[in-house]
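One structure below.
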Amino acid sequence: MSVKHALLALLSEGPKYGLQLRQEFEARTGEVWPLNVGQVYTTLQRLERDGLVESDDAAESSPQNGFRITPDGEHELQEWLRTPPELSSPPRDELVIKILVAFGVPGVDVHEVIQAHRRYGVELMQQWTRLKDDAAEHELGLALAVDAELFRLDSVIRWLDAADARMRRAPAPPGVRSPALPPRLRRRVGGRR
Amino acid sequence: MTALELRGVSKVYADGASEVHALRNVDLVVQPGELVAVMGPSGSGKSTLLTIAGSLEHPTTGEVLVGGNLLTSMSRNEQARLRRRSIGYVFQDFNLLPGLTAVENVALPLELDGVHAKPAQAAGLQALEELGLADRASRFPDELSGGERQRVAVARAVVGDRHLLLADEPSGALDSINAEAVMRLVHTACRRGVAGVVVTHDAQLASWADRVVFLRDGRVVDQTSPPAGPESLLRSQPRA
């Protein structure tokens, strides 16, 4: 999550105080990602150093100061909003690695391992859903942030379901058979985070 | 008194010379006001569990109690009355009668149960109102959107004095926002004291439940623990 750009986005609406920025950030994101004052302060300092924001009091920047976005800051924000995040190479996902490894470990029932993770994922989703259910209708930021988390967890569980079904059909663990993946894919699974 | 209880329920279908074990020794207790989701892949026995819970099918062995009443000790007529009065069903494909308007569809179970047309329609209209569909009451199913049709189906399932709501993939092919609306309705019905059982392979639907039971090859293999309050999620977020 880019706190820097989120703060720029809030400042694009007009000048704001540091503490106000913190409150508005939390309100917009449904308080799902709490920010501490120190984080706001250091981020604003960096933004000011890079000429992306200006503060009222050039002598000393602190969260109590008022801040406004500069033309460079506006430009940076517009660029960032349209730049896709890194999605092209698979993340080094700990859960994926656990399941791939578990399939070859003697004495481990990979389906039990999958079920344990599935249950945990569903339990987390129950908590997020409860949070969304408790939220008032006007809390759009919260609903959007919770949806994002629910879709992420849902995709994890779908992958577990697919892995479960695939492994039930597979004749033997991949470690027992010859190379499980073609070299190109193997490189990608071990790709960067 | 429990709303629904399955005790050692097994169901075996004959498939030519061989047998298919759809359910194997399933125990399940659902309390009034509780929403339980049954999750499992295709062929895990989810739908069989639901039809047996709703007395649409009988188990090969084991017992089913609805509202404390043992189904096997009831006559066929008594079971039919129980289905009309106490149990509401929501199916994946809505199952609305195309020749009846929305309100007539909702009122139908009451009318079949001997309630006069006028009070039945009034109850139907009230159920539709609660689901935000009062202005669609006189439309026919083919004049409604998919989301509206499913809401009518939920209204029909909760109209009158139902104690048990059974739903098989209730969001069907709805998009996620409409699916959420359907689950909110089911959840709200449960808060009013109705016991709900939703079978689904969709974790997003299941996450509305108080408890999720995992079915695999006809057996209950696992279930979730009672969820912690949502505030624990926010506390656990790193303040990085």
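Among the candidates A:30, A:38, A:73, the residue that is of a type outside the set (A, V, I, L, M, F, W, C), over 30 Å from residue A:133 (Cα atoms) and open to solvent by less than 30 Å² (accessible area, probe 1.4 Å) is uniquely A:73.
Being of a type outside the set (Phe, Trp, Tyr) and either within 14 Å of another protein chain (Cβ to nearest Cβ) or more than 19 Å from residue B:52 (Cβ to Cβ) (or both) is a property that residue B:154 has. The single condition among (1) in contact (Cβ under 8 Å) with a residue 24 or more places away in the chain; (2) in contact with a helix residue (DSSP H, G or I) (Cβ under 9 Å, 6 or more places away or on another chain); (3) loosely packed, with under 12 Cβ neighbours inside 10 Å that residue A:91 does not meet is (2). Output yes when any residue across the stretch A:77-84 is away from chain B (no Cβ under 14 Å), among the β-branched types (Val, Ile, Thr) and either more than 22 Å from the chain's Cα centre (by Cα) or open to solvent by less than 90 Å² (accessible area, probe 1.4 Å) (or both), and no when none is. Yes, the stretch A:77-84 contains a residue that is away from chain B (no Cβ under 14 Å), among the β-branched types (Val, Ile, Thr) and either more than 22 Å from the chain's Cα centre (by Cα) or open to solvent by less than 90 Å² (accessible area, probe 1.4 Å) (or both). Please work out which one of (1) without any contact (Cβ under 8 Å) to a residue 24 or more places away in the chain; (2) out of contact with any helix residue (DSSP H, G or I) (no Cβ under 9 Å at 6 or more places or on another chain); (3) not charged (D, E, K, R) is the condition residue B:134 fails and give its number. Exception for residue B:134: condition (2).
The set of residues from the stretch B:66-99 being within 19 Å of the chain's Cα centre (by Cα) and without any contact (Cβ under 8 Å) to a residue 60 or more places away in the chain comprises B:69, B:71, B:79, B:80, B:81, B:82, B:83, B:84, B:95, B:97. Of the residues in the stretch B:166-187, none is within 14 Å of chain A (Cβ to nearest Cβ), modelled with pLDDT of 90 or more and at positive phi.
Could you tell me whether residue A:143 is more than 10 Å from chain B (Cβ to nearest Cβ) and either within 26 Å of residue B:188 (Cβ to Cβ) or crowded, with 20+ Cβ neighbours inside 10 Å (or both)? Lay out the reasoning, then the answer.
Values: more than 10 Å from chain B (Cβ to nearest Cβ): no; either within 26 Å of residue B:188 (Cβ to Cβ) or crowded, with 20+ Cβ neighbours inside 10 Å (or both): yes.
Judged against the criteria, residue A:143 is not a match.
Only one of B:73, B:55 is modelled with pLDDT under 95, open to solvent by less than 50 Å² (accessible area, probe 1.4 Å) and not acidic (Asp, Glu). Can you tell me which? Give the steps one after another, and end with the answer.
Numbers: B:73 fails: open to solvent by less than 50 Å² (accessible area, probe 1.4 Å).
B:55 is the lone residue from the list that is modelled with pLDDT under 95, open to solvent by less than 50 Å² (accessible area, probe 1.4 Å) and not acidic (Asp, Glu).
Quickly run through the stretch B:121-157 and pick out the residues that are open to solvent by 30 Å² or more (accessible area, probe 1.4 Å) and in contact with a strand residue (DSSP E or B) (Cβ under 8 Å, 6 or more places away or on another chain). Matches in the stretch B:121-157: B:156 only.
I'd like the residue in the stretch B:189-200 that is more than 10 Å from residue B:35 (Cβ to Cβ) and surrounded by fewer than 19 Cβ atoms within 10 Å (Cβ to Cβ) and, out of all such residues, is farthest from the other protein chains (Cβ to nearest Cβ). The residue in question is B:193.
Any residue at all in the stretch A:112-125 that's crowded, with 17+ Cβ neighbours inside 10 Å and either in the same structural domain as residue A:34 (by TED's automatic domain parsing) or modelled with pLDDT under 90 (or both)? Within the stretch A:112-125, not a single residue is crowded, with 17+ Cβ neighbours inside 10 Å and either in the same structural domain as residue A:34 (by TED's automatic domain parsing) or modelled with pLDDT under 90 (or both). Do any residues in the stretch B:152-178 that are touching a residue at least 60 places away in the same chain (Cβ under 8 Å) and more than 15 Å from residue B:81 (Cα to Cα) have Cβ atoms under 6 Å from those of residues that are open to solvent by 30 Å² or more (accessible area, probe 1.4 Å) and of a type in the set (S, T, N, Q), where the two are at least six apart or on different chains, and which pairs are they? That search, which allows pairs on different chains as well, returns B:168/B:47; B:168/B:92; B:169/B:92; B:172/B:92.
Checking each residue in the stretch B:211-231 for being more than 8 Å from chain A (Cβ to nearest Cβ) and assigned to a loop (DSSP other than H, G, I, E, B) picks out B:217, B:218, B:226.
The values are calculated or read from the model by the stated rules, or taken from the named source; none is laboratory data. Predicted model, so just to flag it, every value in this text is computed and none were measured. Note: ideal-geometry Cβ built from the backbone for every residue, glycine included; neighbour counts use all protein chains shown. Side chains are part of the model used for accessible areas, which takes the heavy atoms of the whole protein and leaves out ligands, DNA and RNA. Shrake-Rupley method; radii C 1.70, N 1.55, O 1.52, S 1.80 Å.
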